[in-house]
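In what follows, a structure is listed as structure tokens, so that the remarks can point back to it.
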Amino acid sequence: MFPVRIEPFSAADLPAVAAIEAETPGAWSAAQLAAELERTGGWQYVARHEDGSVVGYLCGYTVADEAEILKLAVTVSCRRQGVAAQLLEYALAGLAAQGVSRVFLELRAGNQPARKLYEKIGFGHSGMRKGYYRNPLEDALLMAKPLSGGESLEEHP
Ligand SMILES: CC(C)(COP(=O)(O)OP(=O)(O)OC[C@H]1O[C@@H](n2cnc3c(N)ncnc32)[C@H](O)[C@@H]1OP(=O)(O)O)[C@@H](O)C(=O)NCCC(=O)NCCS
């Protein structure tokens, strides 16, 4: 496990987060990331190594009692060490405490690392959008997780 502190994502973190984004397909620009910090109902976190460097980030938004995860990324050199799982668990605990009952997200159907991650955290498949992504063309897999009701991972194939 890579030890990180989960903290609010501030404007000062934009260059580091933009660099992590740049390593991912469909990367958002620094301007898009900056706009995200202003989103109504938005929430954004960074995972910070003990040396202060940002190694991952997560953002999403809440409307009424539902939330959507918009972006999640971990810097390549720190992947597969539990950083994304720590970001998700932190955010989901906060959303549950605020009374959010369901969290949604969509991802490229072929994004196996993300798909496995979300399944492990308890997201189930809730639908598909054919040809949703461009460059390259790819279907979107829709996933959802209820935040109350005591669901278990086994209930999500
Ligand atoms: C998807 C992503 C965020 C995962 O981050 P990460 O910090 O490496 O993930 P974690 O170490 O917390 O992994 C937790 C679990 O997810 C699954 N997982 C993560 N990466 C995986 C991979 N490459 N292959 C298979 N399963 C994987 C595993 O079940 C893993 O648990 P385990 O290591 O005990 O087997 C990262 O690969 C990334 O930034 N990808 C590019 C951006 C992206 O695709 N974002 C998601 C779409 S919004």
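Tabulated results
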read-out	value
In the stretch 92-122, the residues that are part of a loop (DSSP other than H, G, I, E, B) and away from the ligand (no atom under 13 Å from the Cβ)	Gln98, Gly99, Val100, Ser101
Positions within the stretch 1-18 being loosely packed, with under 13 Cβ neighbours inside 10 Å and part of a helix (DSSP H, G or I), in sequence order	Ala11, Ala12, Pro15
Residues located in the stretch 85-101, provided they are free of Cβ contacts under 8 Å to residues at least 12 places away in the same chain and within 17 Å of Arg5 (Cα to Cα)	Ala93
Of all residues making up the stretch 59-79, the number that are part of a loop (DSSP other than H, G, I, E, B) and either crowded, with 17+ Cβ neighbours inside 10 Å or near the ligand (Cβ under 8 Å from one of its atoms) (or both)	2
Number of the condition not met by Gly56 [criteria: (1) within 11 Å of the ligand (Cβ to nearest atom); (2) without any contact (Cβ under 8 Å) to a residue 24 or more places away in the chain; (3) in a strand (DSSP E or B)]	(2)
Qualifying residue in the stretch 113-128 (condition: at pLDDT 95 or above, within 23 Å of Arg48 (Cβ to Cβ) and β-branched (Val, Ile, Thr))	yes
Of the criteria (1) within 17 Å of the chain's Cα centre (by Cα); (2) surrounded by 12 or more Cβ atoms within 10 Å (Cβ to Cβ); (3) modelled with pLDDT of 95 or more, which one Ser53 fails	(1)
The listed residue being within 7 Å of the ligand (Cβ to nearest atom), touching a residue at least 24 places away in the same chain (Cβ under 8 Å) and on the phi > 0 side of the Ramachandran plot, out of Gly26, Gly82	Gly82
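The values are calculated or read from the model by the stated rules, or taken from the named source; none is laboratory data. Predicted model, so just to flag it, every value in this text is computed and none were measured. As a convention, Cβ positions derive from the backbone with ideal geometry for all residues, glycine included, and neighbour counts pool all protein chains shown.
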